[in-house]
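**Q** This structure is in structure tokens; I'll ask about it shortly.
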Amino acid sequence: MEDVIADLVGGNLVVLLLALFIILCIFLAIRIVPQSEQHVVERFGRLKVVLGPGMNFIVPFLDKVAHRVSILERQLPTASQDAITTDNVLVQVETSVFYRILEPEKTVYRIRDVDAAIATTVAGIVRAEIGKMELDEVQSNRATLIATIKHSVEDAVDDWGIQVTRAEILDVNLDQATREAMLQQLNAERERRAAVTRAEGLKRAVELQADGELYAARQQAEARRVSADAEAYATGVVAEAIAKGGLEAVQYNIALEQVKALGTMAAGQGTQTVIVPADAADAFGKAFQMLRGRV
């Protein structure tokens with residue numbers, strides 16, 4: 001009886017151990033990879049497979065997850081590099097690079113410290129590119145310089161399974177002597193522009209004054225022309241009247257004007273003496289004759 005019980009207990013223990021072993025194998029075979037990671041699996045020290053996000057299966061006790069690699073975008077710490085431009089100006093360039101790992105098997109087996117490798121590559125490329133440019137070009141063509149650096153870094157790190165997503169030049173610093181020289185140059189340029197502006201303003205004022213004088217002269221000339229036209233028209237009217245009415249009409253008008261003038265002088269206060277022209281009587285007679293002839 002005791003032997004039977006011992007056999008049952010022994011048999012149940014074996015089943016239990018077998019069940020535990022199966023559960024352990026299943027547990028070791030299932031690998032759940034987060035969305036932000038990829039796992040590099042090795043078998044006997046060699047690359048077997050790269051597990052993507054989700055549920056994956058491996059061979060227990062033979063395969064193991066050797067590397068858990070984040071595929072999130074990363075930013076390298078801000079780095080500062082010294083460079084010399086073609087016009088022999090020493091500049092200090094602060095750069096920052098963003099990248100992400102696309103092929104973890106290349107990253108883990110081809111480079112030991114990927115961040116340090118990228119930083120060194122960026123430093124060399126920045127020095128080389130700035131060495132091809134003058135200081136003014138570095139300041140004004142920053143976007144072009146950033147695009148060139150990004151393209152060059154992408155080519156350099158392609159074998160590492162890395163994608164450079166963005167490269168930034170945060171600042172370009174100059175030494176104190178160069179800053180003072182640039183400040184003097186800037187002040188001189190501002191003064192030159194101010195002098196040019198003042199000269200252009202004076203020139204414009206002279207031009208406007210000349211235009212005003214020319215306009216006034218033209219208006220005066222136009223007024224004289226109109227006045228001359230009016231006088232010519234009046235003379236023409238008189239000439240036409242003389243041609244139509246004859247000399248008698250003219251003499252009649254002159255006689256009437258003389259009579260009016262004498263009457264005005266005689267009506268004055270305190271007038272004791274009347275000055276009569278020598279031909280007044282004759283003028284009166286002609287006037288009466290012509291008036292009688294008109295009636």
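**Q** Do the conditions hold for T78, that is, is it in the same structural domain as A123 (by TED's automatic domain parsing) and either surrounded by fewer than 17 Cβ atoms within 10 Å (Cβ to Cβ) or more than 17 Å from D158 (Cα to Cα) (or both)? Give the derivation first.
**A** Values: in the same structural domain as A123 (by TED's automatic domain parsing): yes; either surrounded by fewer than 17 Cβ atoms within 10 Å (Cβ to Cβ) or more than 17 Å from D158 (Cα to Cα) (or both): yes.
So T78 fits the description; yes.
**Q** Give me the pairs: first residue in segment 110-130 and on the phi > 0 side of the Ramachandran plot, second residue of a type in the set (D, E) and modelled with pLDDT of 90 or more, beta-carbon distance under 7 Å, and six or more apart or on different chains, which are they?
**A** From residues that are on the phi > 0 side of the Ramachandran plot, there are no pairs.
**Q** How many residues are surrounded by 19 or more Cβ atoms within 10 Å (Cβ to Cβ) and over 26 Å from the mean Cα position of the chain (by Cα) if we restrict to segment 153-175? Steps first, please.
**A** Residues of segment 153-175 surrounded by 19 or more Cβ atoms within 10 Å (Cβ to Cβ): 153, 157, 160-162, 164, 167.
Subset that is over 26 Å from the mean Cα position of the chain (by Cα): 153, 157, 160-162, 164.
Result for segment 153-175: 6.
**Q** Is it the case that V108 is assigned by TED's automatic domain parsing to the domain that holds A147, more than 17 Å from K150 (Cα to Cα), among the hydrophobic types (A, V, I, L, M, F, W, C) and under 46 Å from the mean Cα position of the chain (by Cα)? Explain how you work it out, then say what you get.
**A** Numbers: assigned by TED's automatic domain parsing to the domain that holds A147: yes; more than 17 Å from K150 (Cα to Cα): yes; among the hydrophobic types (A, V, I, L, M, F, W, C): yes; under 46 Å from the mean Cα position of the chain (by Cα): yes.
Criteria met by V108.
**Q** Something else about it: Identify, from the list V122, V138, V108, the residue that is among the β-branched types (V, I, T), in a helix (DSSP H, G or I) and over 30 Å from V50 (Cβ atoms).
**A** Details: V122 fails: over 30 Å from V50 (Cβ atoms); V108 fails: over 30 Å from V50 (Cβ atoms).
Matching residue, one of V122, V138, V108: V138.
**Q** Output the qualifying pairs, or none if there are none: Cβ atoms under 8 angstrom, residues six or more apart or on different chains, first residue in segment 145-164 and over 29 Å from T85 (Cβ atoms), second residue aliphatic (A, V, I, L, M) and outside any helix (DSSP H, G or I).
**A** If the second residue must be aliphatic (A, V, I, L, M) and outside any helix (DSSP H, G or I), the pairs left are W160/I111; G161/I101; G161/L102; I162/I101; I162/L102; Q163/I101; Q163/L102.
**Q** Looking only at segment 49-63, count every residue that is surrounded by fewer than 17 Cβ atoms within 10 Å (Cβ to Cβ) and closer than 22 Å to L102 by Cα and tell me the total. Let's see the steps before the verdict.
**A** Restricting attention to segment 49-63, the residues satisfying the condition of being surrounded by fewer than 17 Cβ atoms within 10 Å (Cβ to Cβ) are 49, 52-55, 57, 59-62.
After this cut, where a residue has to be closer than 22 Å to L102 by Cα as well, the list is 49, 52-55, 57.
So the count comes out to 6.
**Q** Hydrophobic (A, V, I, L, M, F, W, C), outside the structural domain of L24 (by TED's automatic domain parsing) and either outside any helix (DSSP H, G or I) or within 30 Å of I30 (Cβ to Cβ) (or both): which single residue out of F61, F98 fits that description? If you could, list the steps in order and put the result at the bottom.
**A** Working: F61 fails: outside the structural domain of L24 (by TED's automatic domain parsing).
Only one candidate qualifies: F98.
**Q** Determine, yes or no, whether L186 is over 21 Å from E129 (Cβ atoms) and out of contact with any strand residue (DSSP E or B) (no Cβ under 6 Å at 6 or more places or on another chain). Spell out the reasoning first.
**A** Values: over 21 Å from E129 (Cβ atoms): yes; out of contact with any strand residue (DSSP E or B) (no Cβ under 6 Å at 6 or more places or on another chain): yes.
Yes.
**Q** Determine which single condition G45 fails, assuming it passes every other condition in (1) surrounded by 12 or more Cβ atoms within 10 Å (Cβ to Cβ); (2) closer than 18 Å to V108 by Cα; (3) modelled with pLDDT under 90.
**A** Single failed check for G45: (1).
**Q** I've got another one for you. Scan R179, R218, R142, R190 and give me the residue that is touching a residue at least 12 places away in the same chain (Cβ under 8 Å) and over 30 Å from S70 (Cβ atoms). If you could, list the steps in order and put the result at the bottom.
**A** On the way: R179 fails: touching a residue at least 12 places away in the same chain (Cβ under 8 Å); R218 fails: touching a residue at least 12 places away in the same chain (Cβ under 8 Å); R190 fails: touching a residue at least 12 places away in the same chain (Cβ under 8 Å).
Going through R179, R218, R142, R190 in turn, just one is touching a residue at least 12 places away in the same chain (Cβ under 8 Å) and over 30 Å from S70 (Cβ atoms): R142.
**Q** Let me ask something else. Which residue pairs have Cβ atoms under 6 Å apart, sit 6 or more places apart or on different chains, and have a first residue in segment 20-47 that is free of Cβ contacts under 8 Å to residues at least 24 places away in the same chain and a second that is exposed (fewer than 15 other Cβ atoms within 10 Å of the Cβ)?
**A** V33/P53; Q35/P53; R43/L62
**Q** Give the residues of segment 141-165 that are hydroxyl-bearing (S, T, Y) and assigned to a strand (DSSP E or B), sorted by residue number.
**A** Looking only at segment 141-165, we keep the residues that are hydroxyl-bearing (S, T, Y), and these are 144, 148, 152, 165.
Scanning segment 141-165 gives a single hit, T165.
The values are calculated or read from the model by the stated rules, or taken from the named source; none is laboratory data. Only a predicted model underlies this, so the values are computations on that prediction, with no experimental measurement involved. Here Cβ is always computed from backbone atoms with ideal geometry, including for glycine, and neighbour counts include all displayed protein chains.
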